[in-house]
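Q: This is the structure I want to talk about, given as structure tokens.
The values are calculated or read from the model by the stated rules, or taken from the named source; none is laboratory data. What you are looking at is a predicted structure, and each value in this text was computed from that prediction instead of being measured. Here Cβ is always computed from backbone atoms with ideal geometry, including for glycine, and neighbour counts include all displayed protein chains.
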2 protein chains.
Amino acid sequence: MARNTTVQADPNAPAVTELLARFVANHASKGWSEAVDREAHRTFANWVGCAIGPSRHETLQAALAAVMELSPAPQAAILGRCEKVDIANAAMLNGISSHTFDYDDTHLKTIIHPAGPVASAALALAQHLDISGRELIDALVLGIEVSCRVGNAIYPDHYDRGWHITGSTGMLGAAAACSRLLKLDAARTQMALGLAASQPIGLREQFGTMTKPFHPGGAAKAGLMSALMARHGFTSSRRALEAPRGLLQVFSDKTDWNEITGRLGETWEIAENTYKPFACGIVIHPSIDGCIQLRDKHQLKAGDIEKVTIRVHSLVLELTGKKTPKTGLEAKFSVYHSCAVGLLYGRAGEHEYSDEVVNRPEVTALRARVFAIVDDSIAEASVDIGMRTMDGRDLHIFIEHAVGSIEKPLSEAQLEAKFMDQSEPILGREKAGRAWSLSRGIAQSNKLGEFIAAATS
Amino acid sequence: MARNTTVQADPNAPAVTELLARFVANHASKGWSEAVDREAHRTFANWVGCAIGPSRHETLQAALAAVMELSPAPQAAILGRCEKVDIANAAMLNGISSHTFDYDDTHLKTIIHPAGPVASAALALAQHLDISGRELIDALVLGIEVSCRVGNAIYPDHYDRGWHITGSTGMLGAAAACSRLLKLDAARTQMALGLAASQPIGLREQFGTMTKPFHPGGAAKAGLMSALMARHGFTSSRRALEAPRGLLQVFSDKTDWNEITGRLGETWEIAENTYKPFACGIVIHPSIDGCIQLRDKHQLKAGDIEKVTIRVHSLVLELTGKKTPKTGLEAKFSVYHSCAVGLLYGRAGEHEYSDEVVNRPEVTALRARVFAIVDDSIAEASVDIGMRTMDGRDLHIFIEHAVGSIEKPLSEAQLEAKFMDQSEPILGREKAGRAWSLSRGIAQSNKLGEFIAAATS
């Protein structure tokens, strides 16, 4: 028998479950600026590329083999592959794939990777419903608004407790997007959000294992199923988010309700989405950016470089100070390796974090000539790089904000290059190019079939 | 970018993920006493009846309609029904059904309803693997051991925070049971437990909605999929339960590791399982038990009773003090209605909590003559009942422990009667009887087909 414990309710908790449900159900299609709509398309296209890239990775292979034991109906595509599975498992598999390389989008305010749960669920369901790209983008914008606003309300306390916030808010975004696609009314959308609220996914302890990318995938599936069940009359608490024993108060000591209610429908979280140009932790990005800029400006080759010294905030070395990585995964936590490939190849995509590249003699030789100095007067998002060349020149560059940050977003060409870099080895050049064009302009598609054909094998 | 927050690790946390995985993978079949094995069979048979009873309820109808949108392969049965669905969704649907009437089993130490997540997952997978009843019971015992031991370690703090502990530990029990059925080695079982640890399900805020019974169903599905994915090489943290950012420390301020490690494999949580004789909250059970005993002993009819006075602990009225319930669901929170049906009909099954019975004139008339007095000198699990009859007699009974408690467990006849009461309206008398015999002796079945045929329409 339960003891009768007293819960300290937040007396100011507004009815955010209902508020968000009405917002999702009723907001006008494309009810935002052109700039927001453009960012939504960039978010979608970036997510597609990130899902295609790892589509043959052992992480996805293992998950797919498990799903195949269910003999799923061929309802929806797995990006980059030829198999189809039921919509719930398609949502899961694309969600897993898109986070496998840790190369997807980032909502920097909460470090949520917003597209994984939301786009994975929405694309699977949209295919099945055979609806337009416009509706898909609408669902993506609204779903990401829900998960990121909830994230804003509870970050950082919730994250600090040990939750992987991408999966533990993502099921709400996925439920919202799928409710929108199913055209549920506000009351049923509220039930979908409530049911999803009982299914947060993800411990930070899983970082470094396949379960990390499972988190957005699991959240996508949970959100999609929640919307389907609500469609058929399944009920949940009308106050599942804000009640004293609702999600937010169970999840976090910080519950800033105004982050959910304030200017809802006027500001858009997707507008602040960012895309990684390099396939490693964001803390290394300024150093790689600086190395590539020095290389390009001075036409440097490996033999030209005597010594590189980076001055960075202590956090950079704390997180990525691995001096002699042996594997691709270890190299993602090595600012030294990352500078070396930036200088040698002018890039740091997933390929530059393969075991083969990490152990290449020219890479290990150059990385040994990269030195780091901790200087906490330099911001975490910045770097100061000095270089001595073999012919005695002293070169220098200061990077305040790396490419890919909000202040210096990826250009269209860079986003396309990232997409092609991931997709071409899987789909071939022609199909990859078509997949890029179609995903970058998905709202123009009346049907999704052409896009799906291009983005699968 | 994440701030670098310090987590206060518990320095005494033993490697319980690995310990439990080895235990599940390696413990001998039927490696426990006859008494434990008997209780496992009672747990299974009680769960089967509780899943069959609500198999036509709107809660299950809504969930099933959503699952049907996935066009699932007909791999496993939904108890009490004719449809088959894929094993993951069969696990979910049977889990939902078995908790819909709040009539299933209770591990009183943690108020976990242990069979829901574990038996639902195990039965679905066992059918698919076409294995014996012995292996099914083994998996049930081991799975329940895992979820209840983890529950013991974190109860009550985890529950007080607002988690519905049945679903938020059940995914571990389900993963354990399914790993056992799949004959995963200890290393893969550890991965299954780790993956499940990222998927806790259930907020107490959902009590009173369909999402409450979803919790064991969702946990069953999550655990089953975790085992399937681990089978195919999916990885997770080897310390997913005990790490500083592992499940237990994220979940609860209380982490009594000894509850997991102490005498593992020697004592058995399933031996302490209990089964409700009445379809309402346990706090009312002593009052119903007393009323039925008075009725039977004195051959009482409604017209014989002038007044009933129950002396109870304050918690009883706090939780179930509804004097004039209008619906069946409200009546489950009315000690007055419950006493009335006990006196009138000698029972308080799901039928006595139908809207029709609740509004019957003879029921409302008698319940108006039931009075309660709060007396905190009486234990929560007890009641003191005084009755004045129309012919002027003063009758009295004191119930220390109600039928269905550990101290006074349901007899075989009572358990069978409960099973038949739920199953007969669905399956008919003959099939229901066969389903009872086969489930009560399931370990004797080399194949599960005969049992499944009896327990479905």
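Q: Determine whether B:Phe278 is surrounded by fewer than 20 Cβ atoms within 10 Å (Cβ to Cβ) and out of contact with any Cys (no Cβ under 6 Å at 6 or more places or on another chain).
A: The answer is no for B:Phe278.
Q: Turning to a different aspect of this structure: Please pick out the residue among B:Ser198, B:Ser252, B:Ser237 that is more than 10 Å from every other protein chain (Cβ to nearest Cβ), within 21 Å of A:Arg204 (Cβ to Cβ) and of a type in the set (S, T, N, Q).
A: B:Ser252
Q: Then there's this: Within segment A:308-331, does at least one residue satisfy the condition of being under 26 Å from A:Met420 (Cα atoms) and touching a His at 6+ places or on another chain (Cβ under 9 Å)?
A: Looking through segment A:308-331, at least one residue is under 26 Å from A:Met420 (Cα atoms) and touching a His at 6+ places or on another chain (Cβ under 9 Å).
Q: Output the residues belonging to segment B:194-207 that are over 16 Å from the mean Cα position of the chain (by Cα) and part of a loop (DSSP other than H, G, I, E, B).
A: B:Ser198, B:Gln199, B:Pro200
Q: If you go through segment A:142-200 one residue at a time, how many are in contact with a Gly (Cβ under 7 Å, 6 or more places away or on another chain), over 20 Å from B:Lys221 (Cα atoms) and hydrophobic (A, V, I, L, M, F, W, C)?
A: Of the residues in that region, 7 qualify.
Q: Further question on the same structure: Scan segment A:396-418 residue by residue and report those that are assigned to a helix (DSSP H, G or I) and over 21 Å from A:Leu108 (Cα atoms).
A: Across segment A:396-418, the qualifying residues are A:Ala413, A:Glu416, A:Ala417.
Q: Counting residues that are surrounded by fewer than 23 Cβ atoms within 10 Å (Cβ to Cβ), which helices (runs of 4 or more DSSP H) fully inside segment B:58-159 reach at least 1?
A: Those helices (runs of 4 or more DSSP H) span B:58-68, B:115-129, B:133-154.
Q: Which one is surrounded by the fewest Cβ atoms within 10 Å (Cβ to Cβ), of the residues in segment B:222-234 that are facing chain A (nearest Cβ under 7 Å) and closer than 9 Å to B:Leu195 by Cβ?
A: B:Phe234
Q: Pairs please, first residue from segment B:64-84 and away from chain A (no Cβ under 12 Å), second anywhere and of a type in the set (A, V, I, L, M) and assigned to a strand (DSSP E or B), Cβ atoms under 9 Å, 6+ apart in sequence or on different chains.
A: Between residues of segment B:64-84 that are away from chain A (no Cβ under 12 Å) and residues that are of a type in the set (A, V, I, L, M) and assigned to a strand (DSSP E or B), the close pairs are B:Ala77/B:Val85; B:Ile78/B:Val85; B:Glu83/B:Ala77.
Q: Which one of these does B:Phe101 not meet: (1) within 12 Å of chain A (Cβ to nearest Cβ); (2) in contact with a Pro (Cβ under 8 Å, 6 or more places away or on another chain)?
A: All conditions pass for B:Phe101, except number (1).
Q: Turning to a different aspect of this structure: Name every residue in segment A:137-193 that is without any contact (Cβ under 8 Å) to a residue 60 or more places away in the chain, within 11 Å of chain B (Cβ to nearest Cβ) and under 18 Å from the mean Cα position of the chain (by Cα), in order of residue number.
A: A:Tyr159, A:His164, A:Ile165, A:Gly167, A:Met171
Q: State yes or no: is A:Ala227 in a helix (DSSP H, G or I) and out of contact with any Leu (no Cβ under 6 Å at 6 or more places or on another chain)?
A: no
Q: Look through segment A:363-373, keep the residues that are surrounded by 15 or more Cβ atoms within 10 Å (Cβ to Cβ), touching a residue at least 60 places away in the same chain (Cβ under 8 Å) and hydrophobic (A, V, I, L, M, F, W, C), and return whichever of them is farthest from A:Val335 (Cα to Cα).
A: Across segment A:363-373, the extreme among qualifying residues is A:Leu366.
Q: Right, next: Only one of B:Arg347, B:Arg388 is part of a strand (DSSP E or B) and either crowded, with 18+ Cβ neighbours inside 10 Å or more than 14 Å from chain A (Cβ to nearest Cβ) (or both); which?
A: Exactly one of B:Arg347, B:Arg388 is part of a strand (DSSP E or B) and either crowded, with 18+ Cβ neighbours inside 10 Å or more than 14 Å from chain A (Cβ to nearest Cβ) (or both), namely B:Arg388.
Q: Is it the case that some residue within segment A:279-291 is modelled with pLDDT under 95, within 23 Å of the chain's Cα centre (by Cα) and more than 14 Å from chain B (Cβ to nearest Cβ)?
A: yes
Q: Right, here's the next one. Could you run through segment B:18-77 and say how many residues are of a type in the set (Phe, Trp, Tyr) and in contact with a Leu (Cβ under 7 Å, 6 or more places away or on another chain)?
A: 2
Q: Take B:Ala13 and tell me if it is crowded, with 22+ Cβ neighbours inside 10 Å and of a type outside the set (Asp, Glu).
A: No: the conditions fail for B:Ala13.
Q: Going residue by residue through segment A:132-139, is there one that turns out to be modelled with pLDDT of 95 or more and hydroxyl-bearing (Ser, Thr, Tyr)?
A: Within segment A:132-139, one or more residues are modelled with pLDDT of 95 or more and hydroxyl-bearing (Ser, Thr, Tyr).
Q: Tell me, yes or no, whether segment A:47-62 has at least one residue that is among the aromatic types (Phe, Trp, Tyr), touching a helix residue (DSSP H, G or I) at 6+ places or on another chain (Cβ under 6 Å) and modelled with pLDDT of 95 or more.
A: yes
Q: Please enumerate the residues belonging to segment A:208-221 that are part of a helix (DSSP H, G or I) and facing chain B (nearest Cβ under 7 Å).
A: Those that are part of a helix (DSSP H, G or I) and facing chain B (nearest Cβ under 7 Å): A:Thr211, A:Phe214, A:His215, A:Gly218.
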